[in-house]
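Notes follow the structure.
The values are calculated or read from the model by the stated rules, or taken from the named source; none is laboratory data. No experiment lies behind these values; they were computed from the predicted model shown. FYI the Cβ positions are ideal-geometry reconstructions off the backbone, even for glycines, and counts take in every protein chain you see. With ligands, DNA and RNA removed, areas are computed over all heavy atoms of the protein, side chains included. Shrake-Rupley method; radii C 1.70, N 1.55, O 1.52, S 1.80 Å.
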Amino acid sequence: MRRLLAVPCAVMLAAPAGAATLYYGSRVGMELTIVKKAGIGSTHASILARHSRPNARVYCREYAHDFTEACVDAEMTVPLHFEITANCKTGEFTTFYGAKMLFQGRNKGTDVTTDYRITAVDEKVVLDGSGASGYDYTLDQFKALCPNRVR
């Protein structure tokens with residue numbers, strides 16, 4: 001009986017229960033594991049995340065169709081900023097790519113068809129909702145930092 005209980009316990013300890021992740025890109029496996037959250041919903045919201053070999057492996061296998069450790073090693077070296085921050089009052093925030101963004105609330109009658117208006121500050125470009133713009137994962141990062149601003 002003790003052996004039967006030891007196996008499920010060992011399996012549960014091997015994988016963090018309910019470890020939350022956030023996507024940094026639009027492809028499968030392009031996600032980071034959240035390590036720490038602070039000030040969520042405030043003027044000093046931050047999320048610290050880390051890359052993991054299992055996530056990189058999913059990316060390599062499911063997206064790149066590359067089953068080598070060289071692919072995993074290369075994915076682990078993708079230049080990312082592992083901390084994202086936001087001022088939930090002003091809507092200013094950063095992404096895992098280090099981009100400065102501005103969340104401007106509900107999109108009202110503009111030329112883009114997204115639910116919310118997000119501007120890439122340095123490029124002065126409104127994200128248009130396409131996969132190339134990164135709208136979905138950028139909005140998810142802002143939602144994680146400022147959940148009360150996005151409903």
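Values as computed for the structure displayed
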{"quantity": "Net charge over other residues, Cβ less than 11 angstrom from the Cβ of THR21 (K, R count +1; D, E count -1)", "calculated": "-1"}
{"quantity": "Rounded accessible area of LYS143 (nearest 10 Å², 1.4 Å probe)", "calculated": "80 Å²"}
{"quantity": "Qualifying GluC sites (Glu not before Pro) in the stretch 64-151, DSSP loop, other Cβ atoms within 10 Å at most 15", "calculated": "GLU123"}
{"quantity": "Longest DSSP-loop-exposure-free segment, chymotrypsin sites (Phe, Trp or Tyr not before Pro), the chain, at most 15 other Cβ within 10 Å", "calculated": "83-151"}
{"quantity": "Using a Förster distance of 35 Å, the FRET efficiency for LYS108-ALA20 (Cβ separation, nearest 0.05)", "calculated": "0.65"}
{"quantity": "Largest to smallest accessible area among SER130, SER26 [probe 1.4 Å]", "calculated": "SER26, SER130"}
{"quantity": "Alpha carbon centroid spacing (whole Å) that separates the stretch 106-151 from the stretch 26-56", "calculated": "18 Å"}
{"quantity": "Around ALA86: net Lys/Arg minus Asp/Glu count, Cβ-Cβ under 13 Å", "calculated": "+2"}
{"quantity": "Kirkwood estimate for the chain, i.e. one over the average of 1/r between Cα atoms, Å", "calculated": "17.0 Å"}
{"quantity": "Distance in nm between pseudo-label sites at VAL35 and HIS81 (7 Å out along the Cβ direction from Cα)", "calculated": "1.6 nm"}
{"quantity": "Listed residues ARG61, ARG151 arranged by accessible area, highest first, probe 1.4 Å", "calculated": "ARG151, ARG61"}
